[in-house]
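*Asks:* Sharing a structure here in structure tokens format.
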């Protein structure tokens with residue numbers, strides 16, 4: 001493999017593994033705000049025990065997410081030095097804003113969230129929960145802004161020439177609100193809310209099936225189901241709006257997503273299929289003119305195809321982009337279907353009588369994770385061969401002194417470390433889930449009783 005492919009694979013591994021955790025923490029943060037808000041409103045201690053349990057899970061996810069995110073920033077300097085120099089002014093300001101406005105807010109209130117029970121008032125603790133949730137959302141803002149600028153650059157000018165060229169901000173807010181940032185941010189936020197909601201649905205369904213912590217599990221399930229059904233439907237609209245932006249700003253990516261080559265023809269929308277890049281054909285199940293209708297509200301309107309671009313200026317892995325995009329869409333449809341059906345059963349009063357549905361929800365935790373990963377890979381692969389769209393090619397963004405064997409060594413090392421972290425995460429997560437939402441007050445009373453019964457424990 002070339003050093004470019006190796007470096008891309010390494011960064012994809014790093015980002016892909018890291019991106020398991022931030023959406024979970026953002027989505028779970030929203031659920032925690034709802035749960036603790038219900039406790040404040042009703043005074044029902046069940047909601048307090050529920051919140052305490054999910055905060056422990058949140059802490060585990062947050063810790064792994066921070067640890068895996070740090071590595072990416074080092075890779076910018078080791079593998080992508082030319083890129084780092086080129087976008088340093090842009091990326092540096094966005095990452096600095098994340099640290100100042102997001103991470104500081106999130107981590108500053110995290111201590112109260114984790115250890116503030118019985119030390120601060122219920123309202124102060126709830127405020128801390130809200131701040132941690134908002135901090136996680138603000139963190140996503142600046143990361144998405146930085147990435148969106150690579151997709152649709154704005155608010156800058158180029159200083160220097162050749163290998164010494166770099167982008168410099170001329171309008172900070174134009175950079176922040178570049179043509180794709182808002183649409184992509186909403187899409188990312190909603191995907192994160194779905195990750196958290198389906199995670200709670202999965203664990204709650206598991207408890208109900210095992211007949212453990214049933215009262216809390218049913219209440220948690222209903223809270224998460226409301227979030228899941230609302231945002232799974234919302235994702236239809238944010239996804240469509242984001243796709244409209246792609247059609248306007250990155251037509252080569254849109255054409256790759258549906259395997260469309262002929263600019264003089266209307267574009268079909270495929271439900272499933274296979275792209276042959278050599279013959280420039282797609283075989284599969286389609287809605288004729290469907291993409292043209294979504295973009296122009298006209299089934300016959302032509303859509304700019306891949307043949308409108310020089311071979312060197314368009315994505316080479318068209319079939320992979322096509323498959324990943326349709327995988328994301330499929331996951332979205334399944335999330336809508338299962339949550340709408342469950343809501344209908346809830347209204348009929350028989351939500352928890354369908355054992356097969358509860359089993360399906362225990363496995364449905366994978367749906368938003370797969371959708372999030374497939375969506376990001378579609379966005380990043382569809383931008384190729386540009387690392388900054390239309391300005392800097394990926395092949396030119398590499399570090400000039402790094403050798404292929406060095407990248408292979410670090411790739412193998414990172415893979416082993418990530419496997420270890422994943423095993424540790426799953427072990428600790430499984431341990432916390434099996435322990436369950438035990439009432440800490442009852443636990444303290446049991447421990448006090450044990451001390452009274454056993455004089456050795458007192459001394």
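*Asks:* Does segment 387-423 hold any residues that are within 23 Å of the chain's Cα centre (by Cα), touching a residue at least 12 places away in the same chain (Cβ under 8 Å) and more than 17 Å from residue 71 (Cα to Cα), and which are they?
*Replies:* Correct list: 387, 388, 389.
To keep it simple, each residue is scored yes or no on (1) part of a helix (DSSP H, G or I); (2) touching a helix residue (DSSP H, G or I) at 6+ places or on another chain (Cβ under 9 Å); (3) modelled with pLDDT of 90 or more; (4) surrounded by fewer than 20 Cβ atoms within 10 Å (Cβ to Cβ).
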| site | (1), (2), (3), (4) |
| --- | --- |
| 4 | yes, yes, no, yes |
| 7 | yes, yes, no, no |
| 28 | yes, yes, yes, no |
| 36 | yes, yes, yes, no |
| 40 | yes, yes, yes, yes |
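*Asks:* Among the listed residues 272, 291, identify the single one that is part of a helix (DSSP H, G or I) and within 17 Å of residue 325 (Cβ to Cβ). Spell out the reasoning first.
*Replies:* Working: 272 fails: part of a helix (DSSP H, G or I).
Exactly one of 272, 291 is part of a helix (DSSP H, G or I) and within 17 Å of residue 325 (Cβ to Cβ), namely 291.
*Asks:* With the condition kept exactly as written, say whether any residue in segment 324-336 is surrounded by 16 or more Cβ atoms within 10 Å (Cβ to Cβ), over 14 Å from residue 382 (Cα atoms), over 29 Å from the mean Cα position of the chain (by Cα) and modelled with pLDDT of 90 or more.
*Replies:* no
Residue-wise test of (1) part of a helix (DSSP H, G or I); (2) at negative phi; (3) surrounded by 24 or more Cβ atoms within 10 Å (Cβ to Cβ).
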residue	(1), (2), (3)
186	yes, yes, no
192	yes, yes, yes
208	yes, yes, no
212	no, yes, no
219	yes, yes, no
226	yes, yes, no
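*Asks:* Provide a single number: the residues in segment 240-261 that are in contact with a helix residue (DSSP H, G or I) (Cβ under 6 Å, 6 or more places away or on another chain) and part of a helix (DSSP H, G or I). Spell out how you get there, then give the answer.
*Replies:* First, pick out the residues of segment 240-261 that are in contact with a helix residue (DSSP H, G or I) (Cβ under 6 Å, 6 or more places away or on another chain): 241-242, 245-247, 253-259, 261.
Filter once more, so that each one left must be part of a helix (DSSP H, G or I): 241-242, 245-247, 253-258.
Of the residues in segment 240-261, 11 are in contact with a helix residue (DSSP H, G or I) (Cβ under 6 Å, 6 or more places away or on another chain) and part of a helix (DSSP H, G or I).
*Asks:* Within segment 307-323, track down each residue that is buried (at least 21 other Cβ atoms within 10 Å of the Cβ) and in contact with a strand residue (DSSP E or B) (Cβ under 6 Å, 6 or more places away or on another chain).
*Replies:* Scanning segment 307-323 gives 318, 322.
*Asks:* Suppose we filter 304, 250 for residues that are crowded, with 16+ Cβ neighbours inside 10 Å, under 30 Å from residue 195 (Cβ atoms) and touching a residue at least 24 places away in the same chain (Cβ under 8 Å); which single one remains? Steps first, answer last, please.
*Replies:* Working: 304 fails: under 30 Å from residue 195 (Cβ atoms).
Of 304, 250, the one residue that is crowded, with 16+ Cβ neighbours inside 10 Å, under 30 Å from residue 195 (Cβ atoms) and touching a residue at least 24 places away in the same chain (Cβ under 8 Å) is 250.
*Asks:* Then there is this: With the requirement that a residue be more than 28 Å from residue 31 (Cα to Cα) and touching a helix residue (DSSP H, G or I) at 6+ places or on another chain (Cβ under 6 Å), what does segment 78-108 give you?
*Replies:* Within segment 78-108, 79, 84, 90, 91 qualify.
The values are calculated or read from the model by the stated rules, or taken from the named source; none is laboratory data. Owing to the predicted nature of the structure, the values given are computational and were not obtained by experimental measurement. As a convention, Cβ positions derive from the backbone with ideal geometry for all residues, glycine included, and neighbour counts pool all protein chains shown.
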